[in-house]
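Trainee: Once you've had a glance at the structure underneath, I'll fire off some questions.
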Amino acid sequence: MKVLLHACCGPCASACVPRLVDEGHEVTLFFSNSNIDTAAEFGRRREAAARLAENDGVGIVTDPYDHGAWLEEAARGFEDAPERGERCARCFRFSLKRAAAYAAAHGYDAFATSLTVSPHKVSRTVFAASADPRFMHADFKKKDGFKLSVKRSAELGLYRQSYCGCEFSRQAAAKNGIISGNKDL
Ligand code: SF4
């Protein structure tokens with residue numbers, strides 16, 4: 001099948017591409033991440049995804065960055081929701097809606113998402129975020145998917161971020177002393 005893989009980042013996608021290819025699918029990455037707080041960070045994560053695509057011999061499409069639209073549609077009113085809460089479910093819906101539209105418009109048989117690799121993301125919440133019949137419920141955290149993503153991204157030297165993506169997750173990570181709260185870093 002021709003499969004569009006919504007890639008939340010290069011490291012997570014690195015655990016999905018070989019599995020989909022092994023199943024006989026023709027894979028294209030769909031880098032759609034308007035949830036990311038700054039254009040600079042979007043660029044860093046996009047570069048890592050492009051490196052993975054080049055290494056694995058698959059195509060990549062970049063969905064234009066529009067953080068304003070994401071704030072309006074996904075985050076407004078849910079800024080203080082905790083990670084794994086309602087803001088995240090809305091965030092998944094935002095990106096998967098775009099993946100579904102792209103897949104339909106460009107003749108893909110199916111689409112999947114690398115969001116299910118992370119142990120911080122509940123796969124059933126991700127699966128509930130799109131009712132599109134093309135959506136493959138591929139749970140990439142199974143069979144040590146996260147471990148594989150850590151291993152492959154280290155081998156390929158991929159940039160690995162230390163917060164999920166939006167400014168609210170950055171603030172939470174800064175509060176926990178994981179990163180700096182400075183948006184310019
Ligand atoms: S914490 Fe991550 S999943 Fe949740 S809203 Fe922010 S970017 Fe989206």
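The values are calculated or read from the model by the stated rules, or taken from the named source; none is laboratory data. Quantities reported herein were computed from a predicted structural model and do not represent experimental measurements. Neighbour counts are summed over all protein chains in view; Cβ atoms, including those assigned to glycine, are modelled from backbone coordinates with ideal geometry.
Trainee: Looking for something farther than 20 Å from Ser169 by Cα and of a type in the set (S, T, N, Q) - is there at least one such residue anywhere in segment 2-24?
Mentor: Yes, the conditions are met somewhere in segment 2-24.
Trainee: Restricting to segment 33-51, name every residue that is surrounded by 24 or more Cβ atoms within 10 Å (Cβ to Cβ), closer than 21 Å to Ala105 by Cβ and touching a Lys or Arg at 6+ places or on another chain (Cβ under 9 Å).
Mentor: Passing the criteria: only Asn33.
Residues are listed down the side, and each one gets a yes or a no for (1) outside any strand (DSSP E or B); (2) more than 10 Å from the ligand (Cβ to nearest atom); (3) at pLDDT 95 or above; (4) under 27 Å from Val27 (Cβ atoms):
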site: Gly68; (1), (2), (3), (4): yes, yes, yes, no
site: Glu72; (1), (2), (3), (4): yes, yes, yes, no
site: Phe78; (1), (2), (3), (4): yes, no, yes, no
site: Arg84; (1), (2), (3), (4): yes, no, no, no
site: Ala101; (1), (2), (3), (4): yes, yes, yes, yes
site: Phe111; (1), (2), (3), (4): no, yes, yes, yes
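Trainee: What's the total number of residues in segment 4-18 that are touching a strand residue (DSSP E or B) at 6+ places or on another chain (Cβ under 8 Å) and outside any helix (DSSP H, G or I)? It would help to see each step written out before you state the result.
Mentor: Of the residues in segment 4-18, the ones touching a strand residue (DSSP E or B) at 6+ places or on another chain (Cβ under 8 Å) are 4-8, 13, 16-17.
This time we only want the ones that are outside any helix (DSSP H, G or I), so: 4-8.
Of the residues in that region, 5 qualify.
Trainee: Scan segment 139-185 residue by residue and report those that are away from the ligand (no atom under 16 Å from the Cβ), at pLDDT below 95 and assigned to a helix (DSSP H, G or I).
Mentor: none
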